[in-house]
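Visitor: I have a structure here, written as C-alpha cells, and I will follow up with some questions on it.
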Amino acid sequence: MQSTKPYLIRALHEWCIDQGFTPYLSVVVDAMTRAPAEFIKNGEIVFNIGLDATNQLQLGNDEITFQGRFSGKVFPVIVPIARVAAIYARESSEGMAFEVTESVLPTLPADSATTLKTKPPMLSSVEREPAAKENSENPENPENPASTPAAKNMEGGATDTSLTKSLASPNRPALTRIK
C-alpha cells in the first residue's frame, strides 16, 4: 500500500501557498539525500520550498526534487520522502511532523546487468546527534536536545498528548504545531 506521507506533504505545501505562508521542509539527511553539506547542521537541514525559493519543484511519491540557491549558487536538491521530518508554515508554525525512516534504494529490474554491491552508509543516531549521547544519562536534562519538545516533534511525536491520542497511530502521523 502506498504511504500517505507524500500526499500529506503536497496538501500542506498547497495549503501554505494558498494562505500566503512560506512552506518549510525539515529533513534528516542520509546518504540518499542530496543537499549542500555546508548548510547541514547535526544531520538535519530545513529548506524553504516556497514557489519563489525553488525552481522545478517536484513533490513526488518517492522523493522531492528542486533547484535552490544557496549562498547565491544554484544547487539541485533531492530529498527521499522517507527522510522528511516535517513540513510547516514559517509564519504560523502550523504543519505536520512525520516519522523518519531509512531511505530505500531504488529497485533494479531483474534482467538488469547492473547490480548494487552494498547499501550506502546511513548516519546513525549517534553520528547525527552527538550531544544526545552525552546527555542520555539524564533524559529530563534541559540541555539534552532529545528531551526538548522540538526534538520530540522531529521524531514524529507531538507535545500535545490529547492531539496525539486522537489522531496518531503507527500508520498515521500526528498533526502538530512545530515550535
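Visitor: Before we move on, is residue 25 more than 11 Å from residue 84 (Cβ to Cβ) and outside any helix (DSSP H, G or I)?
Guide: Answer is no for this residue.
Visitor: Output the qualifying pairs, or none if there are none: Cβ atoms under 6 angstrom, residues six or more apart or on different chains, first residue in region 85-111 and farther than 20 Å from residue 5 by Cβ, second residue modelled with pLDDT of 95 or more and of a type in the set (A, V, I, L, M, F, W, C).
Guide: Pairs found: 91/21.
Visitor: If the requirement is being among the aliphatic types (A, V, I, L, M), within 17 Å of residue 83 (Cα to Cα), surrounded by fewer than 18 Cβ atoms within 10 Å (Cβ to Cβ) and in contact with a Leu (Cβ under 8 Å, 6 or more places away or on another chain), which of these qualifies: 31, 37?
Guide: 31
Visitor: Also, quick follow-up: Could you look through region 1-14, keep only residues that are in a helix (DSSP H, G or I) and in contact with a strand residue (DSSP E or B) (Cβ under 8 Å, 6 or more places away or on another chain), and pick out the one that is nearest to residue 54 (Cα to Cα)?
Guide: 13
The values are calculated or read from the model by the stated rules, or taken from the named source; none is laboratory data. Here the structure is a predicted model, which means the values were calculated and not measured. Neighbour counts are summed over all protein chains in view; Cβ atoms, including those assigned to glycine, are modelled from backbone coordinates with ideal geometry.
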